[in-house]
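Read the structure below first, then the notes.
The values are calculated or read from the model by the stated rules, or taken from the named source; none is laboratory data. Nothing here was measured: the structure is a model prediction, and the numbers come from that model. Virtual Cβ from ideal backbone geometry, glycine too; neighbours counted across all protein chains shown.
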Amino acid sequence: MIGRGNLFDGIGESTSDAGEGERFEALLRCGSTRIERIVSNGHCSPEGFWYEQEEPEWVLVVSGSARLRLKDPDEVVELGPGHWLFIPAMRRHRVDATSAEEPTVWLAVWPGPMEEGMVNDPEFPEQG
């Protein structure tokens with residue numbers, strides 16, 4: 001069986017029922033790997049809230065924009081269309097803001113356990 005869809009289908013639908021201005025949609029689950037589409041409309045993490053996930057996460061902003069804050073070390077990352085970010089397991093992070101003018105569409109991948117050096121090594125250079 002094959003699966004298919006369009007990342008932009010239903011983007012204009014309200015996210016108010018999802019709470020916090022975001023909507024999550026699972027696109028693929030295979031073993032420990034998960035891929036989701038996230039649609040944000042002016043979303044930010046609640047005051048004082050930090051994600052601290054047990055698995056690594058790779059996010060790509062497809063449209064819109066986002067500002068993430070990471071801890072240890074402290075960093076602020078601005079993401080626009082085409083920008084991606086790899087967040088290692090247990091790295092505290094939060095969403096400071098997403099675009100209020102247009103939906104921010106994310107593609108989020110949780111790849112499962114990873115080996116050291118799989119990201120940002122000479123075979124996979126860091127993108128700016």
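Against the conditions (1) exposed (fewer than 13 other Cβ atoms within 10 Å of the Cβ); (2) modelled with pLDDT of 95 or more; (3) not polar (S, T, N, Q), Arg67 satisfies every one except (1). Within segment 15-37, residues that are closer than 23 Å to Ala89 by Cα have Cβ atoms under 7 Å from residues that are at pLDDT below 90 and surrounded by 16 or more Cβ atoms within 10 Å (Cβ to Cβ) in these pairs: Glu22/Thr15; Arg23/Thr15, counting only partners at least 6 apart in sequence or on another chain. Applying the set (1) free of Cβ contacts under 8 Å to residues at least 24 places away in the same chain; (2) β-branched (Val, Ile, Thr); (3) exposed (fewer than 13 other Cβ atoms within 10 Å of the Cβ) to Val77 leaves exactly one unmet item: (3). Residues that are hydrophobic (A, V, I, L, M, F, W, C), in contact with a strand residue (DSSP E or B) (Cβ under 9 Å, 6 or more places away or on another chain) and free of Cβ contacts under 8 Å to residues at least 12 places away in the same chain are absent from segment 40-50.
Residues that are exposed (fewer than 15 other Cβ atoms within 10 Å of the Cβ), hydrophobic (A, V, I, L, M, F, W, C) and not in a strand (DSSP E or B) within segment 19-63 comprise Phe49, Trp50, listed in sequence order. Take Pro88 and tell me if it is closer than 30 Å to Gly12 by Cβ and either of a type outside the set (Gly, Ala, Ser) or modelled with pLDDT of 95 or more (or both). Judged against the criteria, Pro88 is not a match.
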